[in-house]
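First the structure, in the form of structure tokens, and then the observations on it.
The values are calculated or read from the model by the stated rules, or taken from the named source; none is laboratory data. Quick caveat: nothing in here was measured; it's all calculated off a predicted structure. FYI the Cβ positions are ideal-geometry reconstructions off the backbone, even for glycines, and counts take in every protein chain you see. Surface areas here come from the heavy atoms of the whole protein model, side chains and all, with no ligands, DNA or RNA. Shrake-Rupley method; radii C 1.70, N 1.55, O 1.52, S 1.80 Å.
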Amino acid sequence: MEIKGRFDHFNFNVLDLEKSIAFYEKALGLKETRRKEAADGSFVLVYLGDGQTGFTLELTWLRDRKEPYDLGEGEYHLCLRVPGDYEEARRFHKEMGCVCYENTDMGLYFISDPDGYWIEVLPARK
């Protein structure tokens, strides 16, 4: 038997769901594609999409979670490519105050979301 998996979604747990949704919409243009709420209100899952691929970012909010998540050493990240003027996108993210690391030699930078997750930003492929 050969199994061929395909990417579907990636998850970040967040403390303030609305703040995170607003960040991803403003910083990267991601929009809510669907939502699932627990009947008892204990959690909410919100899926954000780019409108171009089927891949989604799942934001998970847990009602009883009050303390920040332990992100370990942060040696993982999500990566998105931005269309259009890459330098304009970088300036915009700097104005937002969310650029947390830049490597101009490699032509990339990272932004940090409200919970401290890192997102690599690359120019669109030519």
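A few remarks follow.
Each row is one residue, and each column tells you yes or no for (1) assigned to a strand (DSSP E or B); (2) touching a strand residue (DSSP E or B) at 6+ places or on another chain (Cβ under 9 Å).
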| residue | (1), (2) |
| --- | --- |
| Ile21 | no, yes |
| Ala27 | no, yes |
| Arg34 | yes, yes |
| Lys66 | no, no |
| Asp70 | no, no |
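- Odd one out for His93, checked against (1) outside any loop (DSSP other than H, G, I, E, B); (2) within 12 Å of the chain's Cα centre (by Cα); (3) in contact (Cβ under 8 Å) with a residue 60 or more places away in the chain: (2)
- Condition check for His77 on (1) over 10 Å from the mean Cα position of the chain (by Cα); (2) in contact (Cβ under 8 Å) with a residue 12 or more places away in the chain; (3) open to solvent by 60 Å² or more (accessible area, probe 1.4 Å): one failure, at (1).
- Selection over segment 41-53 of residues that are surrounded by fewer than 14 Cβ atoms within 10 Å (Cβ to Cβ) and over 15 Å from the mean Cα position of the chain (by Cα) gives a count of 3.
- Residue within segment 53-62 that is within 19 Å of Phe110 (Cβ to Cβ), touching a Phe, Trp or Tyr at 6+ places or on another chain (Cβ under 8 Å) and polar (S, T, N, Q) present: no
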